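First comes the structure, then the notes that go with it.
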Amino acid sequence: MSKKDDITARLKEQVSLLPDEPGVYRFLDEQGVVIYVGKAKNLKKRVSSYFLARAGENRKTMMLVRNIRNIVHTVVPTEADALLLENNMIKSLQPKYNILLKDDKTFPWIVVKNEEYPRVLQTRQLVRDGSHYFGPYASVMMQKNILDLVRKLYRLRTCQLRLTEKTVKDGKFDLCLEYHIGNCKAPCVGYQTKEEYCKAVEAASSILRGNLKEAEEYLKGEMSFAAENLRYEEAQQIKERLAMLENYQSRSVIVSPQYADLDVFYLITDGALAYCNYMHVAKGAVINSYTIEMKLGIEESPQQVLTFAISRIMDKLQRPLSHEIIVPFLPDAVFGNVRFIVPVRGDKLKLLSLSERNCKIFRLEKLKQLEKVNPERHVDRIMERMQKDLHLPVEPRYIECFDNSNIQGNYPVSSCVVFRNGKPSKKEYRHFNIKTVVGIDDFASMQETLTRRYTRLLEEKAQLPDLIVVDGGKGQLSSAYEVLEKLHLQDKISIIGLAKRLEEVFYPGDSTPLYLDKSSETLKVLMHIRDEAHRFGITFHRHKRSLGFIKSELLSIPSLGPKSTEKLLRRFKSVAGIKKASSEELSQVVGPARSEIIKKFFSEKNEEEKERMK
């Protein structure tokens with residue numbers, strides 16, 4: 001394979017592992033320099049489009065694709081956040097193939113000024129004068145619509161007057177047009193008290209923070225009133241405003257005036273590997289994101305690993321740490337004049353959550369890559385993880401799971417599904433008709449199934465499973481464990497119960513369940529095998545129930561017994577097949593007399609159904 005083909009294959013593999021989520025992608029050249037930054041509603045679809053052969057493609061795009069050697073991406077919550085992050089990164093990195101943003105404009109904000117009678121205004125400049133800023137907004141139209149809505153709801157002043165209690169009391173101002181057309185309540189002449197005005201500003205700020213319930217109720221009332229009075233155009237305009245309000249996001253973690261310059265680190269450990277994501281925030285905007293993978297040594301604590309990851313990332317990027325660092329837990333070393341913060345709420349916790357999300361996605365991509373490139377190693381890693389998580393004596397290479405199905409004690413069945421190396425082995429699935437249990441008794445049904453299954457395996461000297469998973473809690477597990485004890489297999493096979501409600505793992509003789517991480521591969525494998533057992537059991541139960549109903553219907557035909565019913569079903573497969581059969585075909589199976597009785601039965605039944613339909 002040529003070097004060019006090798007690069008193409010590697011890039012295609014990277015693209016195949018990208019998530020179907022909004023985010024920002026960066027293309028890097030041979031020296032590791034970012035040459036292009038782009039945003040995407042769907043990262044996989046957008047990035048893959050660059051590598052499709054397209055007629056009439058412009059020369060600049062062709063040159064860009066030829067120079068790509070690596071792809072890096074950052075996942076964000078929304079498409080609007082992707083637009084904001086793209087803007088930040090283009091300004092920060094100045095990539096060769098982007099339209100460079102050389103102006104000083106930033107995204108639009110809404111500001112509640114730090115004044116005695118605060119104004120609510122639009123701005124593009126963040127001035128740290130004690131004012132409160134909301135946004136940024138992905139478009140000026142969104143900003144203007146929100147500002148217009150707030151002003152119409154609370155009729156706040158828009159004038160340039162420097163209002164104070166003294167100037168209002170001294171009567172220095174006159175009424176203006178805004179008061180006369182109903183856009184302002186004239187606090188400048190005392191028609192609205194300072195307390196009333198500040199309450200209105202606080203209510204407007206509440207909407208800007210995202211507390212939209214009051215505004216939504218107001219708009220719905222206005223829309224209904226307009227519609228009742230046949231002012232449909234006005235009602236439609238209010239409806240559009242309401243839809244915009246419902247889609248409104250007051251804050252973005254990508255750009256926020258709530259924080260200045262800081263670094264964010266998030267760490268995940270997974271067996272012998274660890275993953276650490278880093279994000280850098282400058283002047284209130286995320287401008288960089290970077291994730292690394294590390295191999296762990298012996299008995300290293302998460303605190304030690306985080307310390308090492310911080311040092312390694314800073315060395316790689318060749319930049320000093322910010323004075324404020326957000327982390328999931330404190331490292332075990334001191335980094336000069338640096339303050340570590342473990343947030344519990346607010347914007348900093350949102351930033352940490354974004355870093356966590358990118359860290360988990362990076363880990364997932366690495367695991368998918370390992371599964372493609374080296375499937376055996378991938379399986380080995382999962383088996384090793386399951387053995388450790390479930391405290392098993394051996395890796396669970398061979399697992400069997402059991403589940404019961406019945407409806408009010410009728411047609412009781414059990415299913416047994418088999419997983420080998422974490423994957424279903426469907427040719428080994430088995431189902432059991434419960435023979436000795438009368439009525440509803442899940443425990444007795446479980447005991448019958450396991451007794452039959454493992455008695456047979458022992459008689460045939462077949463391989464025994466490494467792990468048995470019982471679908472249920474302590475009761476089902478105890479019943480199953482009794483069977484293992486009777487067959488003297490309790491020391492040869494590990495057994496656990498998996499309860500549905502909270503995905504609790506139970507062990508024999510232990511009333512305290514084990515709770516696995518909801519995102520862990522161990523729990524995913526256990527849930528998969530449990531769901532397979534349930535699906536396989538339900539499918540068999542439906543088939544048996546359906547067959548029971550069919551037989552019941554056929555047995556209601558005069559002169560037909562169980563043996564005749566079996567013969568008819570074996571020949572014609574279903575009731576519909578029997579109905580369609582001719583008298584001659586039926587005669588070959590049950591004789592001419594019974595053939596005529598069957599034809600007459602279905603003919604009369606058909607007439608009855610027609611009468612009911614009239």
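Observations on the structure shown:
- Those strands (runs of 3 or more DSSP E) of the range 282-369 in which 1 or more residues are among the hydroxyl-bearing types (Ser, Thr, Tyr) occupy 285-295.
- Among the residues of the range 394-415, the ones that are open to solvent by 20 Å² or more (accessible area, probe 1.4 Å), touching a strand residue (DSSP E or B) at 6+ places or on another chain (Cβ under 9 Å) and at pLDDT 85 or above come to 2 in all.
- Cβ-Cβ distances below 6 Å connect the following pairs, each with a first residue in the range 429-444 that is open to solvent by 100 Å² or more (accessible area, probe 1.4 Å), a second residue that is at pLDDT below 75 and in a loop (DSSP other than H, G, I, E, B), and a separation of six or more residues or different chains: Ile440/Gly409.
- Residue check, Leu352 farther than 30 Å from Gly472 by Cβ and at pLDDT 85 or above: yes
- Out of Pro320, Pro331, sole residue that is farther than 20 Å from Thr74 by Cβ, without any contact (Cβ under 8 Å) to a residue 40 or more places away in the chain and open to solvent by less than 40 Å² (accessible area, probe 1.4 Å): Pro331
- Checked against (1) outside any helix (DSSP H, G or I); (2) exposed (fewer than 15 other Cβ atoms within 10 Å of the Cβ), Val505 meets all criteria but (2).
- Unique residue being at pLDDT 90 or above and open to solvent by 50 Å² or more (accessible area, probe 1.4 Å) when the list is Arg420, Arg377: Arg420
- Checking the stated criteria, Lys348 turns out to be farther than 30 Å from Tyr507 by Cα and in contact (Cβ under 8 Å) with a residue 60 or more places away in the chain.
- Members of the range 258-279 found to be open to solvent by 10 Å² or more (accessible area, probe 1.4 Å), modelled with pLDDT of 75 or more and among the aliphatic types (A, V, I, L, M), listed by number: Leu267, Ile268, Leu273
- Pick from the range 150-184, criterion among the polar types (S, T, N, Q) and closer than 21 Å to Asn114 by Cβ, ranking: least open to solvent (accessible area, probe 1.4 Å): Thr167
- Applying the condition of being among the acidic types (Asp, Glu) and touching a Lys or Arg at 6+ places or on another chain (Cβ under 8 Å) to the range 277-327 and asking which residue is farthest from Leu85 (Cα to Cα) yields Glu293.
- Hits in the range 510-529 - residues which are open to solvent by 60 Å² or more (accessible area, probe 1.4 Å), touching a residue at least 12 places away in the same chain (Cβ under 8 Å) and part of a loop (DSSP other than H, G, I, E, B): Lys518
- All positions within the range 297-317 that are closer than 26 Å to Arg345 by Cβ and open to solvent by 40 Å² or more (accessible area, probe 1.4 Å): Pro302, Gln303
- Search result, residues across the range 351-363 that are open to solvent by 40 Å² or more (accessible area, probe 1.4 Å) and either without any contact (Cβ under 8 Å) to a residue 12 or more places away in the chain or not basic (Lys, Arg) (or both): Ser353, Glu356, Phe362
- If the condition is being open to solvent by less than 80 Å² (accessible area, probe 1.4 Å) and not in a loop (DSSP other than H, G, I, E, B), then the range 185-195 contributes Pro187, Cys188, Val189, Lys194.
- Positions within the range 110-149 being open to solvent by 60 Å² or more (accessible area, probe 1.4 Å), touching a residue at least 60 places away in the same chain (Cβ under 8 Å) and assigned to a strand (DSSP E or B), in sequence order: His132
The values are calculated or read from the model by the stated rules, or taken from the named source; none is laboratory data. Owing to the predicted nature of the structure, the values given are computational and were not obtained by experimental measurement. All Cβ positions, glycine included, derive from the backbone under ideal geometry; neighbour counts span all protein chains shown. Side chains are part of the model used for accessible areas, which takes the heavy atoms of the whole protein and leaves out ligands, DNA and RNA. Shrake-Rupley method; radii C 1.70, N 1.55, O 1.52, S 1.80 Å.
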